[in-house]
Amino acid sequence: MKQKFTSVFTLAFIVLSSFFTVIKPQDKTIESKIDSLLSIMTLDEKIGQLTQLSANSWEFPGKSVISDEQKEAVKKGGVGSFLNLFGAEATRQVQKIAIEQSRLKIPIIFGYDVIHGYKTTFPVPLAEAASWDPEAVEKSSRIQAIEASAAGINWTFAPMVDIARDARWGRIVEGSGEDPYLGSVMAKARVKGFQGNNLADNTSLLACVKHFAGYGAAEGGRDYNTVDISERTLRDIYLRPFKAALDAGAGSFMCSFNEISGVPSSANKHLLTDIFRKEWKADGFILSDWNSIGELVVHGIAANTKEAAKLAITAGVDMDMESGCYKNDLKDLAVGKKISEDVINESARRILRAKYKLGLFDNPYKNCNPELEKTKILTKENIAAALDVAKKSIVLLKNDKNTLPLIKDIKTIAVIGPLAASKADPLGSWEQQGDSNNTVTVLEGVKSKLGSGSKVIYSKGCEIDETGKGGFADAINAAKEADKIILVIGEGGHMSGEAGSRSSLELPGVQEELAKALYETGKPVIAVLMNGRPLAIPWLSQNVPAIVEGWFLGHQAGAAIADVLFGDYNPSGKLPVTFPIATGQVPAYYNHKSTGRPGNDTVVFSSRYKDITPNPLYPFGFGLSYTKFDYSNLTLSANKIKIGEDIKVAVDVKNSGNYDGEEVVQLYVQDIAGSVTRPVKELKRFKKVFLKKGETKKMEFTLTDNDLAFYNIDMKFTVEPGMFKVFAGTNSEELISADFEVTE
Ligand code: GLC
């Protein structure tokens, strides 16, 4: 019977498959499978692979749908990918059309902005970078991938690795701050977390490293604005996290909206082909940003969409997000011999390669199962992981007279401010399917720490960004009745993120005036900040006794902040960005050049403003603890090495305070003189270490020539002989140092 069944089945299969050309991959390499597929694809079907359309995920909250026209396009093999289509049911339905109704049954790849969570919302990326804990960040990304893949998503438009030195730029919140090394470590952690060990695994998401490149250098911190930087700055600073992400195995990149010194990224052959493909030998594919190909016309580098399509495809953009330029114009360009069909073939190949690596040909639905989806999202483990990384992301900026931690039998505490009871703002931007009803507010977190003997008084005080002071009186009364005040202020969750640039870094609205009014009551004010960028808060810094940087920590924001405020977690976060003392100070970053007249508080003729100090409010890498760490015995394995040799660095770190705690030991290097000017220091290593009170540990690091190399006067990435300084310490300013020489 079995034999008879098999032959009948085979016969039926052959007959049926004659109507559809069924590609059932044999045991051949992926490339030969792609060769076979490309050989039978029509030009329309190849261009279809290069086309990404957006589902409608804004009209019906929590749902996403595609139009009938889009369904028809799928049937014709005219869509390679959808973005913004999520949910096991919704993605399965669309995949079913591709697999059962299109001629070649090429699976769709579903992309979504899983930036800091799908359903469980984790801290915004800038906050996670403040943890300086790549293991925790990798775990966060892994959980995000497990949730999103259970909802039918195969591809996330993350990690965003743009270096940001101007805090007015709203998208600073989506990255890892101002430093290329910290940014590289975080990029690697996120790629590994999203992609897992094998892209074909059911819980893997293809990473999409963005925005390639230089987006964070937008003039004036104005989103989408012109970027005009040297090739050396591009390579030494902005490209480093991208290369780290690629080296970690990232399977796709997304190019940026901005131009780089006259050439928009979407048409930038030097970036997308010379560097990405030829120099870096990347075999992944490049996605445009939303309509960034169409915007080449607006940039003024393409006369029309057909020219835009030609520029983009020949520069190296493989897939067109939502501009329609590829769908509408590529065929004419190819038929009219304006571009070679080989260029289209190569882009289609890269996209098909990713789909094979994801296992979508063998298993197009992967773990796309509505029942499974319910078991994978918002689990206890996911929420616990979100709380853990949130606590690690909190930065203690000030704690005079040990105002913190608070005691749990405090008699009366006032929790005041427009963000104290907010459920939506702590999720930040790109919260996607995060449900604010699940957010633990600061007010709830504080209440959960106190017993029945304590009284908690809440007052909003004012709105985040309005001028009304009608709520001040109630807030002042609450303060007068309390022993201590927790004041939760900052920005709205969507005052940063895309199109979220602000002209001022000061606290919005009348929040600072509220702080002053509460300060006048004479009760200790503990300020908790919620923000997506550095804020210029000199008055708070000079006057209130304690300040906690709480960022946008996601669902568990209030629980994490309460753990820190009441000493259940000793804060260990460090700033991934410089906090300027005034908006006028930006761009502000620690790894700046010396100039011939370094800014100095006492030297008039130095690089500074007359009306403010040249020093930041809080430097890169800054963060206090409830304990104290002392550094000593910085030793080097040699005081002279040859080019190419490693040098070992050791430093003793002692917990000299009264609490066990974690310290981020930071190692910086300065190349004293080079064939081009060099930064005054650059972060090259860090380690987060737990020390019991009274405990000392010897921290050891190895620096290689790659850590000392830079793009020299001839644009050669190399180490130059000369004197170097190594610094070790608790932030980018409080350091001990030692010198060594590199010889030919
Ligand atoms: C946006 C963003 C990009 C995002 C994409 C899809 O415009 O620039 O970061 O991934 O569109 O939502």
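The values are calculated or read from the model by the stated rules, or taken from the named source; none is laboratory data. This one's a predicted model, so the numbers in the text were calculated from it and none came from an experiment. Counting neighbours? That spans all protein chains shown, and the Cβs are built from the backbone with ideal geometry, glycine included.
Which one is farthest from Ile237 (Cα to Cα), of the residues in the stretch 583-598 that are surrounded by fewer than 16 Cβ atoms within 10 Å (Cβ to Cβ) and under 34 Å from the mean Cα position of the chain (by Cα)? Among residues in the stretch 583-598 that are surrounded by fewer than 16 Cβ atoms within 10 Å (Cβ to Cβ) and under 34 Å from the mean Cα position of the chain (by Cα), the one farthest from Ile237 (Cα to Cα) is Gly584.
How many residues are part of a helix (DSSP H, G or I), surrounded by fewer than 16 Cβ atoms within 10 Å (Cβ to Cβ) and at pLDDT 95 or above when one looks only at the stretch 346-373?
Initial filter on the stretch 346-373 (part of a helix (DSSP H, G or I)): 346-357, 370-373.
Next cut, surrounded by fewer than 16 Cβ atoms within 10 Å (Cβ to Cβ) only: 370-372.
So of that shortlist, the ones also at pLDDT 95 or above come out as none.
Matching residues across the stretch 346-373 total 0.
State yes or no: is Gly62 surrounded by 15 or more Cβ atoms within 10 Å (Cβ to Cβ), on the phi > 0 side of the Ramachandran plot and more than 16 Å from the ligand (Cβ to nearest atom)?
Values: surrounded by 15 or more Cβ atoms within 10 Å (Cβ to Cβ): no; on the phi > 0 side of the Ramachandran plot: yes; more than 16 Å from the ligand (Cβ to nearest atom): yes.
For Gly62, the condition - surrounded by 15 or more Cβ atoms within 10 Å (Cβ to Cβ), on the phi > 0 side of the Ramachandran plot and more than 16 Å from the ligand (Cβ to nearest atom) - is not met.
For a quick check of your reading of the model, give me the residue pairs whose first member lies in the stretch 84-107 and is on the phi > 0 side of the Ramachandran plot and more than 16 Å from the ligand (Cβ to nearest atom), whose second is assigned to a helix (DSSP H, G or I) and not hydroxyl-bearing (Ser, Thr, Tyr), with beta-carbon atoms closer than 7 Å and at least 6 apart or on different chains. Once the first residue is on the phi > 0 side of the Ramachandran plot and more than 16 Å from the ligand (Cβ to nearest atom) and sits in the stretch 84-107, its partners that are assigned to a helix (DSSP H, G or I) and not hydroxyl-bearing (Ser, Thr, Tyr) give Lys105/Ala98; Lys105/Ile99. Counting only residues that are more than 16 Å from the ligand (Cβ to nearest atom) and part of a helix (DSSP H, G or I), the stretch 184-204 holds 8 of them. In the stretch 420-435, the residues that are free of Cβ contacts under 8 Å to residues at least 40 places away in the same chain form no Cβ pair under 8 Å with any partner that is crowded, with 24+ Cβ neighbours inside 10 Å and aromatic (Phe, Trp, Tyr), whether six or more places apart or across chains.
Just to be sure before I move on: is Tyr118 more than 16 Å from the ligand (Cβ to nearest atom), touching a residue at least 40 places away in the same chain (Cβ under 8 Å) and under 16 Å from the mean Cα position of the chain (by Cα) in the structure I sent?
Judged against the criteria, Tyr118 is not a match.
Before we move on, is Ser656 under 17 Å from Asp739 (Cβ atoms), over 31 Å from the mean Cα position of the chain (by Cα) and without any contact (Cβ under 8 Å) to a residue 60 or more places away in the chain? Break it down into steps so the answer makes sense when it comes.
Details: under 17 Å from Asp739 (Cβ atoms): no; over 31 Å from the mean Cα position of the chain (by Cα): yes; without any contact (Cβ under 8 Å) to a residue 60 or more places away in the chain: yes.
Judged against the criteria, Ser656 is not a match.
Among the residues of the stretch 155-166, is there at least one that is away from the ligand (no atom under 16 Å from the Cβ) and either farther than 30 Å from Lys46 by Cβ or of a type outside the set (Asp, Glu) (or both)? The answer is yes; a qualifying residue exists.
Among the residues of the stretch 215-224, those that are touching a residue at least 40 places away in the same chain (Cβ under 8 Å) and away from the ligand (no atom under 14 Å from the Cβ) comprise Ala217, Gly220, Gly221, Arg222. Could you check, for the stretch 174-186, whether at least one of its residues is touching a Pro at 6+ places or on another chain (Cβ under 8 Å), touching a residue at least 40 places away in the same chain (Cβ under 8 Å) and at positive phi? Yes, because at least one residue in the stretch 174-186 is touching a Pro at 6+ places or on another chain (Cβ under 8 Å), touching a residue at least 40 places away in the same chain (Cβ under 8 Å) and at positive phi.
Flag not set for Glu700, criterion: more than 16 Å from Gln666 (Cβ to Cβ) and either touching a strand residue (DSSP E or B) at 6+ places or on another chain (Cβ under 9 Å) or part of a strand (DSSP E or B) (or both).
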